[in-house]
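Below is one structure; the comments refer to it alone.
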Amino acid sequence: MQSTTLETIPARPMRSPAASHRIAEPCAGGGIRKPIVILGAARSGTGLLLSSIARHPDVAALDEPNFIWKAYNADLGHDMIPATRATEQVKRYIRGSFDATRISQGKARIVEKTPQSAIRLPFVLEVLPDAKLVHVIRDGRDVVASARRKYLGNVGKVTRSREGLRETSGGLHNARKLATVLRQKWSDGLPPGDLLRYGPKIWNMSLGMLGLKKVFPWGPEFPGMRRMMKTHPLVEICAIQWQLSVDVVLNTLTSRPDLDVYEVRFERLVEETDAVTREVFDFAELPRPASLPALPREPFDSNVDLFHRDLDVHERRIVYDRIADTLVRLGYLDGDRSKVGPSASSMAADALHPMRAPASV
C-alpha cells in the first residue's frame, strides 16, 4: 500500500452506516482476526464506545495503547506516523502485543481505541489490514473546549445531574487517573529505546496532571505542535488537532472505498448508546448477546455547551477561523468555505515537507 499524503487525497461526502458494510479479507498475519478499531478525535466519545463494545463477552478491550502503536517509531517525535514506517518488525510487535492482550483475557476478538490513530490511519491500515473501522464524529467546537481542559490538567468530565452541572475533577481524581496511566505504560512492555525517549513526555504529563505544570502537551501530536504551543493560543492547537483527526480519516476513506467502516455521530452515540453498540456488533460480525450489562462509567451529556461556557468571544473566533471549513463539511455549520481561515490539514502537510514548512510552525 502506497503512502498517502494529505495533499493527494480528495475530500468525500459522508456515508451512512448501512452503505458502509463490507466483508473484510483475512488478516495478513498474526492471531488477530478482524480487530475493531475505533477512530475519532480525542474527547469525541471514543472512550464511551470502547466501554460499551467491551461489554460483549467475546471482546477484549485495549484502551489507548499509543506507545505500542509508536513502537520503533518514537524517534519521529510526533504521532503522525507515515505508512512507510510500518516495517515487518513494527507489524509483528504491534500485532503480537494486541494478541497477547486478547489471549490473556481469554477472548476471541479485540476492540481498540487510540485517538492518535486518527491522524495516522494509513499506517494503522498497514499494520491491521482487515480492521473493522468505527469512526466517531463530534462537533469540533465542543471538542476544542473539552480538550483545552485536558491541556490544563483537568482529566475529568462535565456531566449533568439532578442538581445541575457537575465536574469530575480535582487533585485526587487526577492523581488516580495518573496512576492508572503510568501503570498501563509500564505494562506495555515497550522497547528499551522507546522508554528512554518517552521519559520527558511522561514527566511533563505527570506534572500537569498533578497541577505542578500549567500546560503540558496532550492528545494527538502533529508535526511542529510543540513549537506552535509556544507561539499560538491553546484553543488553536486544540482546533488543529480536531481538524486533522477528522480530515485524515475522511480523506483516507475517500482514497480507499474498499475499507470496512461504520460512522456514528457523538450526539447519537450518547443518546442511543445501546442501539449504536448493537449496530457495531452486527457490523463487526459479532453475535448479539441476549443482554448488555450496565455501562461501568458515567454517561456523557451532549447538551453541555462547553464551547460557550468555557471560551470567551476572542477564543471562539480563533476556533472558527481554524475549523469552520471542516464544520461546514460535516454539516455542523453553514457558511462559505472561501471565508474561513487556513486549513490545519494543509499546514500539517507543509510541516511534513522539509522544503515548505510554514514560518508559523
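On the basis of being buried (at least 19 other Cβ atoms within 10 Å of the Cβ) and over 29 Å from R329 (Cα atoms), does I110 make the cut?
yes
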- Task: Take the range 268-297 and flag every residue that is in a helix (DSSP H, G or I), within 26 Å of G219 (Cβ to Cβ), in contact (Cβ under 8 Å) with a residue 60 or more places away in the chain and of a type outside the set (A, V, I, L, M, F, W, C).
- Result: T273, T277
- Task: Those residues that are assigned to a loop (DSSP other than H, G, I, E, B), touching a strand residue (DSSP E or B) at 6+ places or on another chain (Cβ under 9 Å) and surrounded by 14 or more Cβ atoms within 10 Å (Cβ to Cβ), I need them from the range 86-107; list them, please.
- Result: K107
- Log entry, pairs with first residue in the range 216-236 being closer than 17 Å to V143 by Cβ, second being part of a loop (DSSP other than H, G, I, E, B) and aliphatic (A, V, I, L, M), beta carbons closer than 6 Å, six or more apart or on different chains, reads G219/A42; F222/M80
- Got a number for residues in the range 24-72 being assigned to a loop (DSSP other than H, G, I, E, B), more than 19 Å from V264 (Cα to Cα) and at pLDDT below 95? 15
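Evaluate the following for L259: is it touching a residue at least 60 places away in the same chain (Cβ under 8 Å), under 22 Å from L48 (Cβ atoms), over 18 Å from the mean Cα position of the chain (by Cα) and not in a helix (DSSP H, G or I)?
no
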- Query: Taking the range 33-85 as the region of interest, how many residues are within 18 Å of V127 (Cα to Cα), over 19 Å from the mean Cα position of the chain (by Cα) and either crowded, with 19+ Cβ neighbours inside 10 Å or acidic (D, E) (or both)?
  - Reply: 1
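The values are calculated or read from the model by the stated rules, or taken from the named source; none is laboratory data. What you see is a predicted model; the values in this text were computed from it and never measured. Neighbour counts are summed over all protein chains in view; Cβ atoms, including those assigned to glycine, are modelled from backbone coordinates with ideal geometry.
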